[in-house]
Every structure is written in structure tokens, then in C-alpha cells.
Amino acid sequence: MSTDDLGHDDHPADGVLDDADLRVLAGLRRVLDAADPVPDDLVERSLFALSLEALHTQVMELQLLEVPELAVRGEATVEARTITFTAEPVTVMISLSVSPSGGVRVDGWAAPATRYEVELLRPGGSVRTESDDDGSFVLADVPPGPASLVLRHGSGTGVSTPVIEL
Amino acid sequence: MNRTAGSTADGVGERTGLAARAAAAVVAFRDGRTGPLEDLVREATPLLWNVVRSQGVERDEAADVVQGVWLAFVRSAPTIREADAALKWLVVSARRAAWQAVAHRRGDARRTTTLEDEGAPYGQLRSPDRPPDEVVAADERDRRLWRRFLLLPERCQQVLRFVAMADRPDYRAIAEVTGMQVTAVGVTRGRCLAKLRALLATEEGWDA
């Protein structure tokens, strides 16, 4: 009910914002947020795009070598499917299946067989693991959605897959 | 340049707020540090969203536009001459990209159907799919605030919308978005806030 600090005639036109100004602006922001909320995933999507962009300056992008027909992005369920990528001299094959929790299990093999650092980039973060000496690795449970796999070996140039829909 | 990015007296000078953090993010990014840029994406995305939406871009497309602005930003980061102008760069890019999106859609619409809403008076500010007078605000005070806000001249609405969405944006960024002279921004901001507060003073209980 108190309107005592409102409506001053001598409100400075170009001064520091006072508390009442800040309250009005905060209210305005609330209303704008309610009227037209920023999509929940926009920040994460943008950050994902940026991390991929940064990545492309550091790694070689693998080309899709072979993709069975089932691998067309399944909307309802994740089909078990195998995708192969290559960029001389590295070849990466991944097999996707449904994890017990309903997420996605990624089984991967990389050649030439050696120990790779494996990173799965996705909006909202990344998951890391390591392959064994034979180049095989497992990401047991990752959320569905767009993702890109990055493999690095020692100090050599890394490789990354294009964005795939898990 | 001073590297203590968190310090208040660092290389970007005394200015604080979003414009300063945008500048610091560019400097850090050139330096190979991406943390400040990620923080900037989190903080400034709502502002860019509003800039794009206020140009009449649909929600789905606006999301793509905002994401595209961020991509363009990092691609341009090495060549943005004045890191200090980074926030201005962002909003100018967002506004341009929004214009292009709208022009593109209008072009499509012209080819496929008759144009609706040509010259709609509030096209600049009104979201095409959600008229502001139907805003569902959580509380009555905010609904009153919105009604009063809509009584302000369009220029005031633009400025305050911008100031509300950004923590202390610099005047250059506001000037770019609103088409005002930089020197007029501070005065306009003050007058518009005073006007809004005067309108609110006629309401009971807004500012409890």
C-alpha cells in the first residue's frame, strides 16, 4: 500500500538506479519472463554449438562411413544400431542400445587399437571415459539427444564424429 | 592486461555489469579461456532472446537465431576490434539476424499466402503469437505493472525492456537496439522509469 516513494517529480533523469527503480525493473523482468519465457534448453543448446565449434578447430571430423537404415533418428525408441565413422587413419564404430534405465548405452571400438581418451559431448555437459588397449570403450548410460564423440590419443590430433542423435 | 577477471578493478576498468562481462569474455576467449564466455551465454541469452522476439520472430525460429548469434560471436571473437563493444556487437547481430529471419518469413508468406498483420502498430514489441495484454503473471501486482508498462511510449518500452533484461547494459548497446543517440539513452532511461513509477503511483499497493 505504501506509495510514498513513488512519483517523485524530481526523480533524477540520468542518475544511479535507486531501490524503487530496481524493484520496477525486477518486476518487469518477471513479467517478460512469464509472458515469453526463454526456452529451457536454449542456453545448453547454444553452449553445445559453441563447444562443437571450438572442437572443430582442434580435431579432425570423422566422416560417416556406413549407417544402416534403422539409424534414421528414431523418435519413439532408441533402436539398437551400429554406425561407423572414419578419418584416415582412424575408424570408429559405435553400437547404440537401450540401457536398463531407459537411457542410451554406447559400445564403441576404435582402430588402430590403442588407448584413447573418449569424450561424449552433449548439450548440458560431457561424459568421459577411456578405451582399453584394444580400442574398445563403453558409455553405459547417457541421455538420449544430440551428441558428438571425441577421441584423442596421446598428443596427436583428436577426431570427432558429426552430431548424431542418440 | 590484468588477468584477475573477478576483480572489480581489472583491465576492463570501473564499469561493471553485463557489458563489462561481455568484454572480459572476449578477452578471455582470445586467451584460450572459455569459462567467462560460458557464463556470458547463460547471462545474456535472455537479453538476446528478447531482442530477437521483439522484432517479431516466432519462438522456434528465435531459438535458432539466438544460437546462431552465439556461434557468429565466437567466430568473430578474434576479430572484434574493440572487446569493450562486445555487448553491442551481440545485440546488433541479434537484431540483424532477427530482421533477416522476419524478412525471409515474409518473403515466404508473400509467395504462399496473403500477408496478415501488415503494419500492425505494435509489431515492434508484440510477440506475434502472444499479445501482451494476455500475459499471465503470477501475481496481481505484476499484472498491474504490465498494464502500466504498456501505457508507455514505444521508445520507453524498448529501453526499459532492454534495461530490465540486462544487468546494467552499456548505453551503446541500448542505443543500437533502439536507434537512439547514445547521449540520449541515459536521460531516456531515467525519464521512462520515472514515468512508469508515476503511473504505478496511481495504483494501489504495487510497491508494497
What is the local net charge at A:R115, summed over the other residues whose Cβ is closer than 11 Å to its Cβ (Lys, Arg +1; Asp, Glu -1)?
-4
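Give me the net charge of B:S93's neighbourhood, meaning all other residues with Cβ under 13 Å from the Cβ of B:S93; Lys, Arg count +1, Asp, Glu -1.
Here the charged neighbours net out to +3.
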Counting only the heavy atoms of the protein chains, how much of A:S101 is accessible to a 1.4 Å probe, in Å² to the nearest 10?
90
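Contact order normalised by length for segment A:42-165, with contacts defined as Cα pairs under 8 Å and 6 or more residues apart; what percent is it?
24
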Sum up the charges of everything whose Cβ sits under 11 Å from the Cβ of A:S136, counting Lys and Arg as +1 and Asp and Glu as -1, but leave A:S136 out.
-4
Two-decimal log10 I(q)/I(0) for segment A:42-165, as the Debye equation yields it once each C-alpha is a single scatterer, q = 0.09, 0.12, 0.17, 0.23 Å⁻¹:
-0.23, -0.41, -0.85, -1.54
A:T91 long-range amide H proximity, modeled H, under 5 Å:
A:A111
For A:V98, distant residues with modelled amide H under 5 Å away:
A:R105
Keeping every protein chain in place, order B:Y171, A:Y116 by accessible area at 1.4 Å, biggest value first, i.e. largest first.
B:Y171, A:Y116
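The values are calculated or read from the model by the stated rules, or taken from the named source; none is laboratory data. Note that the coordinates shown come from a computational prediction; the quantities given were computed from them, not determined experimentally. Note that each Cβ is placed from the backbone with ideal geometry, even for glycine, and that neighbours are counted across all protein chains shown. Areas reflect the complete protein model, heavy atoms only, side chains present, ligands, DNA and RNA absent. Shrake-Rupley method; radii C 1.70, N 1.55, O 1.52, S 1.80 Å.
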